[in-house]
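For reference, the structure is listed below as structure tokens.
The values are calculated or read from the model by the stated rules, or taken from the named source; none is laboratory data. All values reported here derive from a predicted model rather than from experimental measurement. Methodologically, a virtual Cβ is constructed for each residue, glycine included, from the backbone with ideal geometry; neighbour enumeration extends over all protein chains shown. When the accessible area is computed, the model is the full protein with side chains, heavy atoms only, and any ligands, DNA or RNA have been set aside. Shrake-Rupley method; radii C 1.70, N 1.55, O 1.52, S 1.80 Å.
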Amino acid sequence: VREVPSITAEQLEKTLYYISDCNWNLYERDLVAGFDDIVSSTNEALNNNLNSPRIPDALLRLCLINLAVGNIVDARGYCAVLMRRYPTYPGNPAGLAALGKEELKNKLYPQAEKTFNFIIDKYPESSQLRDATVGLVYACAYQKKYDRAQLLLDFANKRWPRHYVDDPDFLLVQAEIEDHFKQTARSVQSLWQMINLMPKHPKLMPLFLRLADVYLHAGNDSAAEYLYNRIIKDNPETSI
């Protein structure tokens, strides 16, 4: 269609964005493999008409594809352009949430804290509020900001009481916060929830060891002995 000599400007713009859409969906399960095709087709659509109402869509797509390949700096730049030029664009919270998650993944905790804070402050009614709140719990806990992490944890658990089902690792952070405030019973409950949800979790043995130590220090020798024996039985070669 794009090669048709009589194509109108409006038809060309639609066609270029359709090509970008096709590339995005074609590589949806492997965005890394489709990086070059997605970026080139999206940039072509974007540069074809800099006054197009679909410019924010193109910027968000470029943000997300850069995050898919771990290019946080460029992704952050696209988010900044969206915030500056299109502050009311409904896709902004999704782009920011994806950016914050990638910052967490790369242990850029202060940056992730700032990103998630921005979502909560500027887009409190967005569908990304849960992800931003939970992400902020992670970011604060990893920086040992336990007072704020506990406030956010309480809010998250009251607003979305079963969100940990989608993110069982959150229970580990919850247990860490509860440990910090000497809430031993709640910490143990969080760890058992994690074990029951993910019985084959790679961190299972350290979890059992952690629980065993908690029981031992609490004077529950039988429970501690059971867990220590299970660790030895299931992992006879471990140095732990």
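Compute the signed sum of charges (Lys and Arg +1, Asp and Glu -1) over the other residues within less than 14 Å, Cβ to Cβ, of residue 20. Provide the component values of the computation, followed by the final result.
Numbers: positive: 2, 14, 54, 61; negative: 13, 21, 28, 36, 37, 44, 57.
Spelling it out: positives minus negatives among the neighbours equals -3.
Within the assembled protein chains, the solvent-accessible surface assigned to residue 225 is about 110 Å², based on a 1.4 Å probe. Compared with the alpha-carbon gap, the fully stretched path from residue 205 to residue 14 is longer by 63.3 nm at 0.36 nm per residue.
At full extension, residue 50 and residue 165 could sit 37.1 nm farther apart than now, given 0.36 nm per residue minus the alpha carbon distance. Considering the chain as a Gaussian network with a 10 Å cut-off on Cα pairs, which listed residue, 138, 27, 146, attains the greatest mean-square fluctuation? It is 27. Estimated from the Cβ-Cβ distance and a Förster radius of 45 angstrom, the FRET efficiency linking residue 80 and residue 237 is about 0.35. Across the stretch 201-211, coupling constants 3J(HN,Hα) worked out from phi with the 6.51/-1.76/1.60 Karplus curve, θ = phi - 60°, read 4, x, 9, 5, 4, x, 5, 4, 5, 4, 5 Hz, and Gly and Pro carry x. Which of [x] 20.8; [y] 22.0; [z] 23.5 is the computed Kirkwood radius over Cα pairs in Å for the structure on display? This structure yields the entry labelled [x]. Peptide packing for 52-63, 122-133, 4-15 was compared via the average number of neighbouring C-beta atoms within 10 Å per residue; ordered from the highest value, the list is 52-63, 122-133, 4-15.
What is the magnitude of the charge dipole of the chain about its Cα centre, with +1 placed on the Cβ of each Lys and Arg, -1 on the Cβ of each Asp and Glu, and no other charges, expressed in debye to the nearest 20? Charge dipole of the chain: 560 debye, to the nearest 20. The length gained by stretching the chain between residue 218 and residue 108 to full extension, at 0.36 nm per residue less their Cα-Cα distance, is 36.0 nm.
Could you list the residues of the stretch 202-240 with an amide nitrogen less than 17 Å from a label point located 7 Å from the Cα of residue 192 in the Cα-to-C-beta direction? Residues 207-228, 230 fall inside that zone.
Can you bin the stretch 191-239 into rounded, prolate or oblate? Criterion: square roots of the alpha carbon gyration tensor eigenvalues sorted a ≥ b ≥ c, rounded for a/c under 1.5, prolate for a/b above b/c, oblate for the rest. Because a/c hits 1.5 or more and a/b fails to exceed b/c, the stretch 191-239 counts as oblate. The HN-Hα couplings worked out from phi for the stretch 154-162 by the Karplus form 6.51 cos²θ - 1.76 cosθ + 1.60 (θ = phi - 60°) are 4, 5, 4, 6, 7, 7, 10, x, 10 Hz, whole numbers, x standing for Gly and Pro.
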